[in-house]
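*Asks:* Quick one: the structure is below, questions incoming.
The values are calculated or read from the model by the stated rules, or taken from the named source; none is laboratory data. The structure displayed is predicted, hence computed values, not measured ones. Virtual Cβ from ideal backbone geometry, glycine too; neighbours counted across all protein chains shown. All accessible areas refer to the heavy atoms of the entire protein, side chains included, with ligands and DNA or RNA removed. Shrake-Rupley method; radii C 1.70, N 1.55, O 1.52, S 1.80 Å.
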Amino acid sequence: MALTERLAAQRATAGLDQAHPNVVFSLLPWVLADLGSDALQVFYTGAAILADRYEKLGLHRLLPTDRVWVGVRSTRAGVFGGFHHAGQGYRHLQMGAVVTRYGRLDQAVAAPELVALDLLRAYAHDCLHYGSYREYRLRHGELVRTRYGINSRGEDGRTYSAPDPAGSISTRNLGVVMEGATDREASAIARQAAQRAGVTEPDGVDRFAFRDVTGRLTDADLARLPLHQAPAEQRTAGRRDFLASLGSYTRGVNNRYSVFLAEVGGSEVDELHTVIVSSMISGRLAPLSAWLDQRHGPRTFAVLFRAASYRGPEPDA
């Protein structure tokens, strides 16, 4: 009962976000209503695609939209919101998401349809975080997530797989694999929604965001983005920091995951990706392990992912 009570108390604090003291938040349905009919069509076209796709993957309960808090206005000049704004995302203990709308938060919305697409991508992304299998334990009086999707954490707190070496073009880290799989689904949903709703690619800086949201960012695009955010003491959370974060996420998560899928999946990239996402939702490693073993030999999952430092059971144990 103590564990259940602690989880319930944590969940009740989801809206009390302290990471953005200068930002005013609203709930996702209210933000969408303010964007206008064209933007609403974009989001709800994507929401229908999302519901159908996730149902087929085994996810039957989506993140409630009233558990998504959206930063809509900032008292600081130049603050730039969107999927890659710092200090936001899904809060697994609180089972809610804290995001910001795309664009300058000290100005009125300039691109409603792109804002809707960005919110759709964030929502699709966080629905998978919300719906992925998880287990919690009380350890020394603290709540600890010991299982998440296809990943485990041992008694000493170490995760199943080690971090990727700096500069890696692929990944053998389950955290990166699951994040990459999650965003691959989210960007595919946003891409289909943009196509069905007739949203065309914008000009200028918004082009980078549109291509990122829809999973079409190219190596040439990445080469034009800032490589690093400004030093912490000089960071403004402005457009440049946003674009640097966008590039870093693409290189460190999405591109690594794509290379991993090609290396391990070969001509069956889409099938491997689908098995990964389904296993994340169910928490059952057996289908993924069987898929890998049939193609690469016994115990491929452990060979690929298990760190030498991990002390704990296999995720299905």
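*Asks:* I'd like the distance between the alpha-carbon centres of the stretch 43-68 and the stretch 258-317, rounded to an integer number of Å.
*Replies:* 25
*Asks:* If you line up the long axis of helix 239-249 against the longest principal axis of the chain, both from Cα atoms, how many degrees apart are they, to the nearest 10?
*Replies:* Value to nearest ten degrees: 20.
*Asks:* Let me spell out the model: positive unit charges on the Cβ of Lys and Arg, negative unit charges on the Cβ of Asp and Glu, origin at the Cα centre of the stretch 241-317. What dipole size does that give, in debye rounded to 20?
*Replies:* 260
*Asks:* Then there is this: Under a 1.4 Å probe, what is the accessible area of the chain per residue, stated in Å²?
*Replies:* 47
*Asks:* Also: Within the stretch 268-317, list the trypsin sites (Lys or Arg not before Pro) lying in a DSSP loop whose Cβ has at most 15 other Cβ atoms in a 10 Å radius.
*Replies:* Numbers: sites: ARG284, ARG295, ARG299, ARG306, ARG311; in loops: ARG284, ARG299, ARG306, ARG311.
Those that pass, being in a loop and sparsely packed, are ARG299, ARG311.
*Asks:* Same structure, new question: Could you check the spin-label model distance between ARG145 and LEU93? Points 7 Å from the Cα along Cα→Cβ, value in nm.
*Replies:* 1.1
*Asks:* Given charges of +1 on the Cβ of Lys and Arg and -1 on the Cβ of Asp and Glu, with all other atoms neutral, how large is the dipole of the chain about its Cα centre, in debye to the nearest 20?
*Replies:* 580
*Asks:* Computing the accessible area with a 1.4 Å probe over protein heavy atoms, can you report the carbon and sulfur percentage for the chain?
*Replies:* Numbers: 7700 of 14750 Å².
That fraction is 52 percent.
*Asks:* Give the accessible area for ARG256 in Å² (nearest 10); use a 1.4 Å probe, count only protein heavy atoms, and leave out ligands, DNA and RNA.
*Replies:* 40
*Asks:* Find how many whole Å separate the alpha carbon centroid of the stretch 175-212 from the alpha carbon centroid of the stretch 98-127.
*Replies:* Result: 12 Å between the Cα centres.
*Asks:* Which of ILE276, THR65, HIS20 sits closest to the plus end of the dipole of the chain, meaning its Cα is farthest towards the positive end, when Lys and Arg get +1 and Asp and Glu get -1 on the C-beta?
*Replies:* Farthest towards the positive end: HIS20.
*Asks:* Using a 1.4 Å probe on the protein heavy atoms only, what accessible surface does LEU138 show? Give it in Å² to the nearest 10.
*Replies:* The value for LEU138 is about 80 Å².
*Asks:* What number, rounded to the nearest 500 deg cm²/dmol, is the helix-based mean residue ellipticity at 222 nm of the chain, given -39500 (n - 2.57) per DSSP H run of at least four residues and division by all its residues? Don't skip to the end; give the middle numbers.
*Replies:* On the way: 12 runs with 150 residues, N = 317.
Result for the chain, helices only: -15000 deg cm²/dmol.
*Asks:* What residue among LEU288, GLY312, ALA223 has its Cα farthest toward the positive end of the dipole of the stretch 192-317, where the charges are +1 on Lys, Arg and -1 on Asp, Glu, each on the Cβ?
*Replies:* Value computed over the given set: GLY312.
*Asks:* Please give, to one decimal in nm, the separation of the simple spin-label points placed at THR274 and GLU155, each 7 Å out from Cα toward the Cβ.
*Replies:* According to this spin-label approximation, the distance is 4.1 nm.
*Asks:* Just want to confirm a number: the relative contact order over the stretch 122-226, from Cα pairs under 8 angstrom separated by 6+ residues, in percent.
*Replies:* Details: 85 pairs, mean separation 19.4, N = 105.
For the stretch 122-226, the relative contact order is 19 percent.
*Asks:* Give me, ordered by chain and number, the residues 5 or more places off VAL68 or on other chains with an amide H under 5 Å from its own placed amide H.
*Replies:* LEU28, ALA97
*Asks:* Let's test the formula: R0 of 35 Å, r as the Cβ-Cβ distance of ASN22 and TYR133. What FRET efficiency results, to the nearest 0.05?
*Replies:* 0.45
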